[in-house]
Amino acid sequence: MSGGLLTEGLRMRDALLQELNEIEHVELLCSHDFRLLSPDVAMSAMVSPDDNVWQVWTDLIDQSDAVWLIAPETDGILHRLTELVLARGKLLLGCPPSVIALAASKLETCRVLSAAGISCVPTWSARAWLEQSPDANEQGWVAKPDDGAGCEDTVHSYDIGQMADWLRQGRQATHIVQPMRGGVACSLSMLCRDGRAWLLSCNRQLVDSGDGGFHYHGGVINGMLQFQTAFEQLAQNIARALPNLAGYVGVDLIVMDGNSAMLEVLEINPRLTTSFVGLRQASGVNVAAQVIRLMTVQGPDHFELPELSRNVVEITL
């Protein structure tokens with residue numbers, strides 16, 4: 001795992017454990033790589049090179065009543081872990097395998113959301129993009145792994161020939177291509193269950209481009225509050241289009257040229273996102289406790305978020 005993804009994962013894990021530690025009658029089990037410090041919990045299984053990590057995880061799941069996973073969609077890791085949790089008969093505090101499989105593909109996510117009338121950044125498979133002889137785009141083109149997390153193996157180029165050559169170096173079956181959009185890179189954080197959504201925050205992402213790629217540096221939680229109404233409507237539309245979304249969900253999107261009427265979805269993250277790190281300070285609410293409430297009540301009609309603060313909080317990586 002790259003240093004960037006590792007840093008994000010650790011920040012998310014520690015923020016989650018801190019919130020879970022505050023909940024009465026909750027005992028925590030965790031695991032950690034032998035190269036990292038043990039997290040601040042009573043029991044964390046250290047995974048060494050000689051261990052079968054899947055067996056370690058299975059043993060921890062068997063000892064648990066409920067499981068909250070922090071893992072990337074890449075290479076099907078999150079999907080496989082989710083299936084394991086359900087196979088062991090445990091409460092999954094997150095999205096089921098069906099929606100994880102969908103959201104793991106940016107191309108398929110775009111297809112399903114577009115069919116539901118939700119605007120998305122146009123997306124092609126690398127192979128389809130190469131076959132269509134694309135025209136020049138004023139903002140250039142972006143290529144990224146279809147199932148990737150973060151900014152890994154992502155490039156931005158104005159040169160169609162250069163982009164095509166890069167894709168033909170073994171990436172035709174794994175990558176997607178999107179036009180670069182002018183506007184503000186944003187995200188929203190929400191809770192979901194059974195086709196309903198509860199908006200937690202409207203965030204601005206701190207992303208810069210250089211050397212033909214992108215670098216994610218964090219975000220400003222509630223940095224896009226002026227678009228809260230539009231973000232709220234988008235959250236509800238996405239939840240209706242993908243009713244199996246459950247628990248905490250993040251959505252990456254573009255606000256086109258500062259116009260709230262022009263929101264385009266980039267991807268859906270069916271898991272914790274880096275924005276979670278700042279949500280407690282921004283909302284004044286223990287979000288982890290709300291997720292547990294949401295996932296254990298009889299149905300969404302029996303759930304209501306407490307009043308949230310709308311503090312603006314910057315997180316940097």
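Coordinate-derived values only; no laboratory data. Only a predicted model underlies this, so the values are computations on that prediction, with no experimental measurement involved. Note that we place each Cβ from the backbone using ideal geometry, even for glycine, and neighbour counts take in every protein chain shown.
Structural remarks
- Counting every C-alpha pair in region 31-73, the share spaced more than 13 angstrom apart comes to 59%.
- Selected from 256, 224, 12 as most flexible by GNM, with the chain as the system and alpha-carbon contacts under 10 Å: 256
- Using a cutoff of 8 angstrom between alpha carbon atoms and counting only pairs six or more residues apart, the relative contact order for the chain works out to 18 percent.
- Lys, Arg +1 and Asp, Glu -1 on Cβ, resulting dipole of region 197-317 about Cα centre, debye, nearest 20: 360
- Stretch gain in nm, segment residue 43-residue 311, where the contour uses 0.36 nm per residue and the Cα spacing is subtracted: 93.1 nm
- Evaluated at q = 0.10, 0.14, 0.16 Å⁻¹, the base-10 log of the normalised Debye intensity for the chain, with identical point scatterers placed on the Cα atoms, takes the values -0.57, -1.13, -1.46.
- Using a 4.7 Å Cβ-Cβ cutoff, the cysteines of the chain lacking any partner cysteine are 30, 95, 151, 186, 192, 202.
- Selected from 220, 32, 265, residue furthest toward positive end of dipole (the chain; charges at beta carbon): 265
- Dividing the convex hull volume of the alpha carbon atoms of region 3-100 by its residue count gives 111 Å³ per residue.
- Since only 7, 157, 122 are under comparison, the one whose Cα sits farthest along the positive direction of the charge dipole of the chain, derived from C-beta charges on Lys, Arg, Asp and Glu, is 122.
- Cα-centre dipole for region 1-57 with unit charges at Cβ (Lys and Arg positive, Asp and Glu negative), debye to 20: 220
- Vicinal HN-Hα couplings computed from phi for region 173-185 (Karplus, 6.51 cos²θ - 1.76 cosθ + 1.60; Hz; Gly/Pro x): 9, 10, 10, 10, 10, 9, x, 5, 10, x, x, 10, 6
- Taking Lys and Arg as +1 and Asp and Glu as -1, the other residues whose beta-carbon sits under 12 Å from that of residue 183 total 0.
- Max mean-square fluctuation residue, GNM over the chain, Cα-Cα springs under 10 Å, options 77, 254, 100: 77
- The average projected area of region 124-179, computed from the convex hull of its Cα atoms over all directions, is 3.4 nm².
- Gaussian network model of the chain, Cα within-10 Å springs - most flexible of 171, 193, 88: 88
- Summary value for region 3-100: 19 percent relative contact order, contacts being C-alpha pairs under 8 angstrom separated by 6+ residues.
- Dipole-positive endmost among 63, 142, 16 within the chain (Cβ charges, Cα centre): 142
- Rg over Rh, two decimals, region 175-236 (C-alpha only, Kirkwood Rh): 1.04
- Mean Cα-pair separation over length for region 107-164, i.e. relative contact order, pairs under 8 Å, 6 or more apart, %: 26
- Total charge dipole magnitude, region 124-179, about the Cα centre, Cβ charges on Lys, Arg, Asp, Glu only, Debye to nearest 20: 120
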